[in-house]
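Undergrad: Can you read through this structure? Questions will come right after.
The values are calculated or read from the model by the stated rules, or taken from the named source; none is laboratory data. Quantities reported herein were computed from a predicted structural model and do not represent experimental measurements. Here the Cβ is made from the backbone with ideal geometry for all residues, glycine too, and neighbour counts use every protein chain on show. To get the accessible areas, we keep the full protein, side chains included, count just its heavy atoms, and leave off ligands, DNA and RNA. Shrake-Rupley method; radii C 1.70, N 1.55, O 1.52, S 1.80 Å.
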Protein chains: 2
Amino acid sequence: MPVLEREIGRFQTFLQGQGLKLTSERASLVREIFATHYHFEADELLFKMKEKSVKISRATIYRTLELLVKSGMVRRVHLGEDHYHYEHVSGNSHHDHLICTTCGAVIEFHDSTLEARQREICERKRFTPTFHNLQILGICESCSKKGELPDAPDRVKMIQLGALQLRK
Amino acid sequence: MPVLEREIGRFQTFLQGQGLKLTSERASLVREIFATHYHFEADELLFKMKEKSVKISRATIYRTLELLVKSGMVRRVHLGEDHYHYEHVSGNSHHDHLICTTCGAVIEFHDSTLEARQREICERKRFTPTFHNLQILGICESCSKKGELPDAPDRVKMIQLGALQLRK
DNA sequence: CCAGCAATTGAGACTCAGTCGCAACTCATG
DNA sequence: CATGAGTTGCGACTGAGTCTCAATTGCTGG
């Protein structure tokens, strides 16, 4: 997997710039994270590493995630639950999320018109934007076909309440 | 304060519709929440009630906030920290947030062009939106005048890391 | 107007994500 | 081969939010 090794190299460069070291624990985490093309939680990562018999502590996972976020290779996202999710930043593709409140599906999208408008708003408010985070909650195509619509308003409230347990 | 009493009435109507009761605790919380024209945390509310010698437990605060979110009178927002903030929904004015990563200021805005574009994106993805949440992080006008700009990228990462303690 | 019961409350135990302190360890460098 | 900066795992800790349960309160029908 040459891509994974390249990411490990990127991380190493970042670490060295900070006077830090690339350890085997950090390398396996990067490998795992960049092999997962989806949002994940810190504890999921811990579990997966255990599954693969890679011995690594929770503290190290959190510490490494922090470094990866600092390096810009991973970002933290809010997905409607009351704790963080993470996703790796593949190249430079910023995107936002449509979150289905019925089945928990997360659909990524990028729209430059939207982003341009955001910049206009910031300009008008004399605000210098550096980062943003947009989640649109609603019902995905397959759920609305299944007629899950009537339940929607309650589900949104549930996600607002943080009560929705996605993928569980 | 006739406005506050009207909100209490709205809440009572909602509660009665659910076979629930308006208690003095719930009424004082609504009064406090709608007197605060800003985002707040659950524990802030607890503290303020203690200050005013209104005896109310933490469990009740959380339970009442849940009911208020269900009723649509209050919404839960993410403001870059690792726990929720709440704000009352005044009338029907939906808005999003510009969050200054230097001073912690939160600027509200509403832009119908932006919202229209979001609806277009959803249509294209055959997604039925019901709610959304947009935070733009950056530097507010007064902070950039003070020349706080160079620090910005780090601050964004800090907020991404959840390490930034706003207003504390 | 009051009995009765469902809804509500407070207190404190609990959960769970995330953090911290610390002793043990690694490993490059002098 | 000693030094020391950086790293690790462990387990204790924190803090937001939830749950349980016994005691209490507010509404409603008689």
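Undergrad: Compute the signed sum of charges (Lys and Arg +1, Asp and Glu -1) over the other residues within less than 9 Å, Cβ to Cβ, of A:ILE56.
TA: Once positives and negatives cancel, what remains is +2.
Undergrad: Sticking with this one: Which distances in nm, rounded to one decimal and ordered from shortest, link the label point of B:TYR38 to the equivalent label points in the other identical copies, with labels set 7 Å from Cα toward Cβ?
TA: 4.2
Undergrad: Which ³J(HN,Hα) values in Hz, rounded to whole numbers, follow from the phi angles of the stretch B:131-142 under the Karplus curve 6.51 cos²θ - 1.76 cosθ + 1.60, where θ = phi - 60° and Gly and Pro get x?
TA: 6, 8, 8, 10, 10, 10, 8, x, 10, 6, 3, 5
Undergrad: Another question about this same structure. With the alpha-carbon atoms as the only input, what is the per residue convex hull volume for the stretch B:2-88 in Å³?
TA: Spread over its residues, the Cα hull of the stretch B:2-88 gives 90 Å³ apiece.
Undergrad: With a 10 Å radius around each residue's Cβ, average the other Cβ atoms per peptide and rank B:35-42, A:99-106, A:123-130, highest first.
TA: A:99-106, A:123-130, B:35-42
Undergrad: Evaluate peptide B:117-123: per residue, the Cβ atoms of other protein chains within 10 Å of its Cβ; return the mean as an integer.
TA: Partner-chain Cβ atoms within 10 Å, mean over residues of B:117-123: 5.
Undergrad: Report the net charge of residues surrounding A:THR113, where surrounding means a beta-carbon distance below 14 angstrom and charges are Lys +1, Arg +1, Asp -1, Glu -1.
TA: Its environment carries a net charge of -3.
Undergrad: Rounded to the nearest 100 Å², what is the sum over both chains of accessible area buried where A meets B, with a probe of 1.4 Å?
TA: Buried surface at the A/B interface: approximately 4500 Å².
Undergrad: Follow-up question, since we're still on this one. Across the stretch A:48-53, in residue order, what do the Karplus-derived ³J(HN,Hα) couplings come to in whole Hz, using 6.51 cos²θ - 1.76 cosθ + 1.60 with θ = phi - 60° and x for Gly and Pro?
TA: The phi angles translate into 4, 5, 4, 3, 8, 6 Hz.
Undergrad: Next up: Around B:ALA27, what is the net charge, scoring Lys/Arg as +1 and Asp/Glu as -1 over all other residues with Cβ under 11 Å from its Cβ?
TA: Every neighbour counted, the sum reads -1.
Undergrad: Would you check the accessible area of A:THR13, probe 1.4 Å, heavy atoms only, in square angstrom rounded to 10?
TA: Surface accessible to solvent at A:THR13 totals approximately 90 Å².
Undergrad: Determine the dipole magnitude for the stretch B:1-78: charges of +1 sit on the beta-carbon of Lys and Arg, -1 on that of Asp and Glu, nothing else is charged, the reference point is the Cα centre, and the result goes in debye to the nearest 20.
TA: Charge dipole of the stretch B:1-78: 180 debye, to the nearest 20.
Undergrad: Under a point spin-label approximation (7 Å from Cα along Cα-to-Cβ), what is the B:ALA35-A:SER24 distance to one decimal in nm?
TA: Once both label points are built, they end up 6.2 nm from each other.
Undergrad: If you rank A:LYS21, B:LYS48 by how much accessible surface each has, with a 1.4 Å probe, what is the order from largest down?
TA: A:LYS21, B:LYS48
Undergrad: Which length gain, in nm to one decimal place, applies between A:HIS110 and A:SER142 when the Cα-Cα distance is subtracted from 0.36 nm times their residue separation?
TA: Stretched out fully, the A:HIS110 to A:SER142 stretch lengthens by 9.4 nm.
Undergrad: Right, another one. Could you tell me what percent of the accessible area of the stretch B:18-132 is made up of carbon and sulfur, with a 1.4 Å probe and every protein chain present?
TA: Reported share for carbon and sulfur atoms: 50 percent.
Undergrad: Determine the alpha carbon to alpha carbon distance for each of B:LYS70/B:LYS125; A:LYS55/B:LYS70; A:LYS55/A:LYS146; A:LYS70/B:LYS52; B:LYS21/B:LYS52; A:LYS70/B:LYS145 and list only those over 32 Å.
TA: In this structure, A:LYS55/B:LYS70; A:LYS55/A:LYS146; A:LYS70/B:LYS52 lie more than 32 Å apart at Cα.
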